[in-house]
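*Asks:* Dropping a structure here in C-alpha cells format, bear with me for questions.
The values are calculated or read from the model by the stated rules, or taken from the named source; none is laboratory data. Every value quoted in this text rests on a predicted model; they were computed, and no experiment measured them. Note that we place each Cβ from the backbone using ideal geometry, even for glycine, and neighbour counts take in every protein chain shown.
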Ligand code: GLU
C-alpha cells in the first residue's frame, strides 16, 4: 500500500504541543513506510481562521523539520469540490435541506430535555416536501442511518463501536454553502487518497459520523488512529497553565528542535527504554500500532535534559548562531571579546537552554551591576586584596590574551603567594563576573577581554579596600 497521511490543522491559533505531536506521528508514519505526508489547512471557519495562525503553523512545522510532500492545500480553495459531493448526496437522498429556525431548534431541544431525553436533531426536515420559505437559505444535513452500529478498528484504541441512535443528522453545509468540519474532512481524506488518518483522540466521536458519510458515498474508508491526549505534570490536560505554548516559543526559549521532537515522539510511543532518538532512528523504529492508548505527560524536566544532550552535540557554528540570536533577544548588543561560537564552546556543558547559555554569558557583554552579595561576602574580603593586586599586575603584563598564558599567570601568581589556586581564582572570578560561578578562570578572562578584565579587577580592588576601611 502506498501510505498517505495528512496533518490537517484548523488555523485558529498557534501550533501547540498536541498539534506538533500529531504532525510528527503523521510525518513519521509516512516516512517509515516510504509514503507521502500531506499538509491540509482546514480554514472553512472563516471567522476564526487567520493568516497569522497559518504562518505560525507553517513556521512551527518548518522549524521542526516536518516538511510536507504535498500541500499546503487550503479547504477554502476547494469549495467547488465539496459542493459537487453535496449535490450527489442530495440526489441520492442521503442528504436533505433543513430550514428549521433557531427558535424551532431550541424549542425542540427544550421539549426533549423536559422528557428526559438527550437533545438531538430529530430529523423533522427529512420528509418536508414544501419549498423553503422565501428568503430562507437552508442548511444541508446528512441523513444518518437510523439504527445499527458503526464499528471500526482503531490502530491505537482497538475496536471502537458507536450506536447510530446516538448520532443525529449533522449539518454538512451551512446556509452560505460552506462545508462543516466533518464533511470537508471526509471529502478531502477521500479525494487526497489518505490511507491513514492519525489525529488527536478528541476527534474519536467524529469518526463514526465520518464513516457514515463515506459509506453513503460508496467509498472505502481510511484507517484511523486516535492518539492519546497530552497531560501536564499535574495529570490535567496540557494547557497554557502548564506553559504549553506554540512550538516557536520553545525556539525563543532556547530549545533545539531535535530536543522538542524527541520529547514529542515519546508522548505515547516508546521503543524499549531508549530515551534519545535521532530523526533517522525515529523514522526507522516508529509504528503507529506501538502507540499507547494511555494519556502521556509532557515533562519539562525531560525536555531540558534532552536539550542539554543536543546542545552538547551541536556543532560550534550552529550553536554560535543560536547563541547570537539569544544574545540579541536579551538586548546584549555589544560585541564580546570572543566570537559567539567560541562562547558556545566554552558554555555548552553549562546550560540546559540557549537562553540560559546567553544569560550565563552576560558578563562577557556588559559590566554587571552589583556584586552578588554572598559571593562578595565570601571572596572579596580583606585577605583577597593581596591576591587581587598581584594578579592585576601579572595580567597587566600578559602578552596575548589567550587561555594558555592566562592560565599560567593565575598559577604563577598563586605559587608566588604560596596560596592554593582558589585563593586567587575565586576573588578574580567575582571581580570579573560579579558572581562565584563561571567557566574556568582563564576562559572567563578570555570571555571578558583584556581591558574589561583589568578595569573590573580595579573595581574589585577598590571595593575590598573600601570594605577594609570600613571595618
Ligand atoms: N482540523 C481539525 C483540527 O484542527 C483536524 C481534523 C482531523 O485531523 O481530522 O482539529
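*Asks:* Give the residue, chosen from 456, 429, 467, that is surrounded by fewer than 19 Cβ atoms within 10 Å (Cβ to Cβ) and in contact (Cβ under 8 Å) with a residue 24 or more places away in the chain.
*Replies:* 467
*Asks:* Here is a further query. Right, residue 102: at pLDDT below 95, over 27 Å from residue 41 (Cα atoms) and surrounded by 12 or more Cβ atoms within 10 Å (Cβ to Cβ) or not?
*Replies:* no
*Asks:* Is it true that residue 187 is within 20 Å of residue 264 (Cβ to Cβ) and modelled with pLDDT of 95 or more?
*Replies:* No; evaluated as a whole, the condition is false for this residue.
*Asks:* What number of residues within segment 180-202 are within 20 Å of residue 48 (Cβ to Cβ) and either within 11 Å of the ligand (Cβ to nearest atom) or surrounded by fewer than 21 Cβ atoms within 10 Å (Cβ to Cβ) (or both)?
*Replies:* 9
*Asks:* How many residues does segment 64-73 hold that are away from the ligand (no atom under 13 Å from the Cβ) and crowded, with 17+ Cβ neighbours inside 10 Å?
*Replies:* Qualifying residue count, segment 64-73: 3.
*Asks:* Let me ask you something else. Quick check on segment 10-19: of everything there that is assigned to a helix (DSSP H, G or I) and within 12 Å of the ligand (Cβ to nearest atom), which residue is surrounded by the most Cβ atoms within 10 Å (Cβ to Cβ)?
*Replies:* 19
*Asks:* Looking at segment 267-287, is at least one residue crowded, with 17+ Cβ neighbours inside 10 Å and within 26 Å of residue 53 (Cα to Cα)?
*Replies:* For segment 267-287, residues crowded, with 17+ Cβ neighbours inside 10 Å and within 26 Å of residue 53 (Cα to Cα): present.
*Asks:* While we're here: Go through (1) touching a residue at least 60 places away in the same chain (Cβ under 8 Å); (2) surrounded by fewer than 16 Cβ atoms within 10 Å (Cβ to Cβ); (3) over 13 Å from the mean Cα position of the chain (by Cα) one by one and return the number of the condition residue 245 breaks.
*Replies:* Here residue 245 meets the rest and fails (3).
*Asks:* Kindly list the number of the only condition in (1) within 16 Å of the ligand (Cβ to nearest atom); (2) part of a loop (DSSP other than H, G, I, E, B); (3) within 20 Å of the chain's Cα centre (by Cα) that fails for residue 29.
*Replies:* (2)
*Asks:* Mind checking which residues of segment 32-57 are more than 10 Å from the ligand (Cβ to nearest atom) and closer than 22 Å to residue 247 by Cα?
*Replies:* Answer for segment 32-57, where residues must be more than 10 Å from the ligand (Cβ to nearest atom) and closer than 22 Å to residue 247 by Cα: 37, 38, 39, 48, 49, 50, 51, 52, 53, 54, 55, 56.
*Asks:* While we're on this one: Search segment 203-229 for residues being within 14 Å of the ligand (Cβ to nearest atom) and within 19 Å of the chain's Cα centre (by Cα), and hand back the single one that is nearest to residue 299 (Cα to Cα).
*Replies:* 229
*Asks:* Turning to a different aspect of this structure: Looking at 416, 440 in this structure, which one is more than 16 Å from residue 392 (Cα to Cα) and modelled with pLDDT of 95 or more?
*Replies:* 440
*Asks:* Now, a different point. Against the definition (farther than 24 Å from residue 173 by Cα and either more than 11 Å from the ligand (Cβ to nearest atom) or touching a residue at least 40 places away in the same chain (Cβ under 8 Å) (or both)), how does residue 7 come out, yes or no?
*Replies:* No, not satisfied.
*Asks:* Could you check segment 157-237 for strands (runs of 3 or more DSSP E) lying wholly inside it with 2 or more residues that are farther than 25 Å from residue 77 by Cβ?
*Replies:* Strands (runs of 3 or more DSSP E) meeting the threshold: 158-163, 223-227.
*Asks:* Taking residue 76 and the conditions (1) away from the ligand (no atom under 14 Å from the Cβ); (2) assigned to a helix (DSSP H, G or I); (3) within 29 Å of residue 134 (Cα to Cα), which numbered condition does it fall short on, given that it satisfies the others?
*Replies:* Exception for residue 76: condition (1).
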